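Notes for the one structure printed next.
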Amino acid sequence: MKTFVIAVLLLIAAWWVNYFGGIDIFSASTQGQRQQISALTKAGDECVAIAEKATAHLIPKLEFQRLELVGRKANVVVRCMADRHFYQNPAWLKYAQPIATKASSEQHISIDEAVENLKRADMLVFEPAVNKPVYWQYVKNGG
């Protein structure tokens, strides 16, 4: 009986430590995923800040200038993320294609423009969602 009680207490203690963020004793891969997500979040935040600084002097007065500003910001984010070895996730592109196709017919724009609109929105999301692949993927030796 003592052995059973000790075993139950050890299981409860292991669950407690695992659940409340102590040591992840059940899955080493989960810890690697958490580190990669935090690296993505850090890199993303830095790159967005750099993009904001790089375009702070631009004040759009016409629609095409607003589009140019958005494009420049996106370009700075993409280049900055590439410097940190993050590139477009092929799973995200596969996910976005049907959505872009539907949006292009509804909004009467090209599929490429619809993909670009999705890309510019999703490239600024650095936390993974449950039902959607994250835009960025870490690639150790370049993309």
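No value in this document is a laboratory result; all are computed from the given coordinates. All values derive from a computational prediction rather than experimental measurement. Positions of Cβ are backbone-derived with ideal geometry, glycine not excepted, and every protein chain shown enters the neighbour counts.
Hey, what did the range 29-138 get for relative contact order, percent, Cα under 8 Å, at least 6 apart?
31
Can you give the FRET efficiency for N75 and Y138, using 1/(1 + (r/R0)^6), R0 = 30 Å, r = Cβ-Cβ distance, to the nearest 0.05?
Numbers: r = 20 Å, r/R0 = 0.67.
Plugging the Cβ-Cβ distance into 1/(1 + (r/R0)^6) gives 0.90.
Between S110 and A49, what is the spin-label point distance in nm, taking each point 7 Å from the Cα along the Cα→C-beta axis?
Modelled inter-label distance: 3.7 nm.
Of K53/K132; K102/K140; K73/K132; K42/K140; K53/K94, which ones are farther than 28 Å apart at the Cα?
Values: K53/K132 30 Å; K102/K140 34 Å; K73/K132 24 Å; K42/K140 17 Å; K53/K94 32 Å.
In this structure, K53/K132; K102/K140; K53/K94 exceed 28 Å between Cα atoms.
Taking the Cα centre of the range 29-138 as the origin and placing charges on Cβ (Lys, Arg +1; Asp, Glu -1), which of P133, M81, S105 is farthest toward the positive end of the dipole?
M81
For the range 95-143 and the range 36-94, compute the distance between their C-alpha centroids and round to whole Å.
14
Assigning unit charges at the beta carbon (Lys, Arg +1; Asp, Glu -1) and nothing else, what dipole magnitude in debye, to the nearest 20, does the range 29-138 show about its Cα centre?
180
Indicate the gyration tensor shape class of the range 29-138 (rounded, prolate or oblate), computed on the Cα atoms with a ≥ b ≥ c the square roots of the eigenvalues: a/c under 1.5 is rounded; otherwise a/b larger than b/c is prolate and the rest oblate.
On the way: a/c = 2.73, a/b = 1.17, b/c = 2.33.
Here the range 29-138 falls in the oblate category.
I need E106, E113 ordered by Cβ neighbour count within 10 Å, fewest first.
E106, E113
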